[in-house]
Amino acid sequence: MAVSVPTDARLLALEDIATQLRIDSVRATTAAGSGHPSSCASAADLVAAVFFDAMRIDPDHPRDPVSDRFVLSKGHAAPLLYAAWAALGVVDRHDLAQLRQIDSDLEGHPTPRLAFVDVATGSLGQGLSVGLGLALGARYAGTDARTFVLMGDGEIAEGAVWEAAQLAAHDKV
């Protein structure tokens, strides 16, 4: 199987996107006066690569059954997720400054009231199980949609993570 390697120009573009995601995340958490900017910053490169080089999505219809899915298991990095969708044009970049405000849909952890969020996250250790369910659902629906799950190091010790990993291996997901 051939592996696609991004060109130098593509890598530079992804680095620029990751930098913008970091800036947007820090600005959002600063405006909110709370949040986890370091969790956002540490995952920006991964999110840039997944969203802008790997995922197949229609930003206007993120829940289309043929679209890839992204589960932010470490839900406290929600500003990073919102910044990615802002970079895709789904969220207005100016709205990122409304993070955690009472009348904002951009909560401290993602919720499915947003069209691009399939599951509320924040309870650490549950994202892989949900991602596995989404992946199996896509398989059973006959689509080639893929599921990406971003986890934090603090949740790796959760039992549900290892149960999901074992089931994923068993089902060859």
Check: Quick check: is even one residue across the range 94-103 within 28 Å of G137 (Cβ to Cβ) and at pLDDT 95 or above?
Finding: no
So, first residue touching a residue at least 60 places away in the same chain (Cβ under 8 Å) and of a type outside the set (S, T, N, Q) in the range 98-113, second residue surrounded by fewer than 17 Cβ atoms within 10 Å (Cβ to Cβ) and not in a loop (DSSP other than H, G, I, E, B), Cβ within less than 9 Å, six or more apart or across chains; the pairs are L99/A31; R100/A31; L106/D95
From the option list S67, S123, S104, S34, single residue qualifying as crowded, with 18+ Cβ neighbours inside 10 Å and farther than 20 Å from D16 by Cβ is S67
**Prompt:** Before we move on, is T29 closer than 14 Å to V149 by Cα, touching a residue at least 12 places away in the same chain (Cβ under 8 Å), among the polar types (S, T, N, Q) and in contact with a Gly (Cβ under 6 Å, 6 or more places away or on another chain)?
**Reply:** no
Taking the range 64-91 and the residues there that are touching a strand residue (DSSP E or B) at 6+ places or on another chain (Cβ under 6 Å) and not in a strand (DSSP E or B), the one that is nearest to E155 (Cα to Cα) would be S73
#### Entry: Test for S123: is it under 24 Å from A160 (Cβ atoms) and outside any loop (DSSP other than H, G, I, E, B)
no
Scanning the range 22-49 for residues that are outside any helix (DSSP H, G or I) and more than 17 Å from the chain's Cα centre (by Cα) gives G33, S34
Selection over the range 74-95 where residues are over 15 Å from P59 (Cβ atoms) and in contact with a Ser or Thr (Cβ under 9 Å, 6 or more places away or on another chain) yields a count of 8
For the range 126-137, pairs from a residue that is in contact (Cβ under 8 Å) with a residue 24 or more places away in the chain to a residue that is in a helix (DSSP H, G or I) and of a type in the set (A, V, I, L, M, F, W, C), with Cβ under 6 Å and 6 or more apart or across chains, are L128/V161; L128/A164; S129/A160; S129/A164; L132/A164; L132/A168
Counted residues in the range 131-170 being within 20 Å of L80 (Cα to Cα), of a type in the set (G, A, S) and modelled with pLDDT of 95 or more come to 1
Going through the range 96-118 in order, the residues found to be touching a Ser or Thr at 6+ places or on another chain (Cβ under 9 Å), among the hydrophobic types (A, V, I, L, M, F, W, C) and in a loop (DSSP other than H, G, I, E, B) are L99, V117
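The values are calculated or read from the model by the stated rules, or taken from the named source; none is laboratory data. Only a predicted model underlies this, so the values are computations on that prediction, with no experimental measurement involved. When we count neighbours, we look across all protein chains shown, and the Cβ atoms used for this are built from the backbone with ideal geometry, even at glycine.
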